[in-house]
Amino acid sequence: MKSDMYSKHAQEYDLAVQDNVYNAHLERPSLQAMLDDMNGLDILDLGCGTGVYPQFLIEQGAAKVTCFDVSEQMVAIVNSKFGDRVMAYSQDLSNGLPKEVSNTTDVIICPLVIHYIEDLPALFKEVYRVLKPGGYMVFSTHHPFADFECSHSGNYFERELVKEVWDTVGQPVDVMFYRRSLTEIMDAITTNSLAVTQVSEGQVSEQVKQISMKHYDYLSKNPNFIFVKCRKLF
């Protein structure tokens, strides 16, 4: 799902996520904590944004990093940052991973992306296809409990397309995403023969105290994202 946040405002977004509360001090450290040794591995970054995770993966010794994002503007920023150190191209994950070869990937990361995709079973079917046996995926997404506050139907189990206004880039931008239950997320994974091996609700960094005590107090007491690790066993 395309948004001006990640296209028209790509440069501003790149600056904003380097050291902000939700991305830099909650999402990234929580997801990175779920990763095993990256040295020598072939890794896919689904929804790479402007390339914060590729830098981390390179520093951790990944042998090959392939990045893609629906936003051509984001991909252009990644290419300008890394050149031939990564492979980066534009791809709508709603259409699968058609350029990726089956059984070739050690690890897939997917930070804060799946809430933009309506058909999750189709995505996880592709995840299973491209992972090597024993390979795994880690992803983060909106916490279903937190997103229920956005519900118009009042039915937790009903998937809903939600429209909100975010100020991530310093000005209001409309963003649309899917609110869904934890059951729907788990079913999309397990019906595609992936085993859930770890679930986390994240932990906000102590550094946020220096940025905003209000945000630290809230995020240390309330769930905002959920983090899942799932493995292809065979």
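Give me the 1.4 Å probe accessible area per residue for segment 120-234, excluding ligands and nucleic acids, in Å². It would help to have the intermediate numbers written out before the result.
Numbers: 5940 Å² over 115 residues.
Roughly 52 Å² per residue, with all protein chains present.
Could you tell me which of rounded, prolate or oblate describes the chain, using a ≥ b ≥ c as the square roots of the eigenvalues of the alpha-carbon gyration tensor, with rounded for a/c under 1.5 and, failing that, prolate when a/b is larger than b/c and oblate otherwise? Can you show the working numbers first?
Numbers: a/c = 1.37, a/b = 1.14, b/c = 1.20.
Taking the square roots of the gyration eigenvalues as a ≥ b ≥ c, the chain is rounded.
Ranked by accessible surface with a 1.4 Å probe, highest first, in what order do Lys232, Lys214 come?
Details: Lys232 5, Lys214 165 Å².
The ranking, largest first, comes out as Lys214, Lys232.
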*Leaving out ligands, DNA and RNA but keeping every protein chain, what accessible area does Lys99 have, in Å² rounded to the nearest 10, with a 1.4 Å probe?*
140 Å²
*Under a Cβ-Cβ limit of 4.7 Å, which cysteines in the chain have nobody to pair with?*
Cys110, Cys150, Cys230
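Classify segment 96-219: rounded, prolate or oblate, from the alpha-carbon gyration tensor (a ≥ b ≥ c, eigenvalue square roots; a/c under 1.5 rounded; otherwise prolate if a/b is larger than b/c)? If you can, show how the numbers build up before the last one.
Details: a/c = 1.90, a/b = 1.48, b/c = 1.28.
Verdict is prolate for segment 96-219.
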*Expressed as a whole percentage, what fraction of the accessible surface of the chain belongs to carbon and sulfur atoms when a 1.4 Å probe is rolled over the protein heavy atoms?*
50 percent
*Under the Karplus relation 6.51 cos²θ - 1.76 cosθ + 1.60, θ = phi - 60°, what is the ordered set of whole-Hz ³J(HN,Hα) values for segment 129-139, x standing for Gly and Pro?*
4, 7, 5, 6, x, x, x, 9, 10, 10, 9
_Over the chain, with a Gaussian network built from C-alpha contacts below 10 Å, which listed residue (Phe177, Phe68, Phe56) shows the highest mean-square fluctuation?_
Phe56
*asked:* Going by amide H atoms built from the backbone, whose H comes under 5 Å of the H on Thr197, apart from near neighbours?
replied: Lys229, Cys230, Arg231
*Taking the Cα centre of segment 75-159 as the origin and placing charges on Cβ (Lys, Arg +1; Asp, Glu -1), which of Asn103, Ser140, Ala76 is farthest toward the positive end of the dipole?*
Asn103
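The values are calculated or read from the model by the stated rules, or taken from the named source; none is laboratory data. Computed from a prediction, not measured in an experiment: that's the story for all the values here. Because the Cβ atoms are built from the backbone with ideal geometry, glycine has one as well, and the counts that use them run over all protein chains shown. Areas reflect the complete protein model, heavy atoms only, side chains present, ligands, DNA and RNA absent. Shrake-Rupley method; radii C 1.70, N 1.55, O 1.52, S 1.80 Å.
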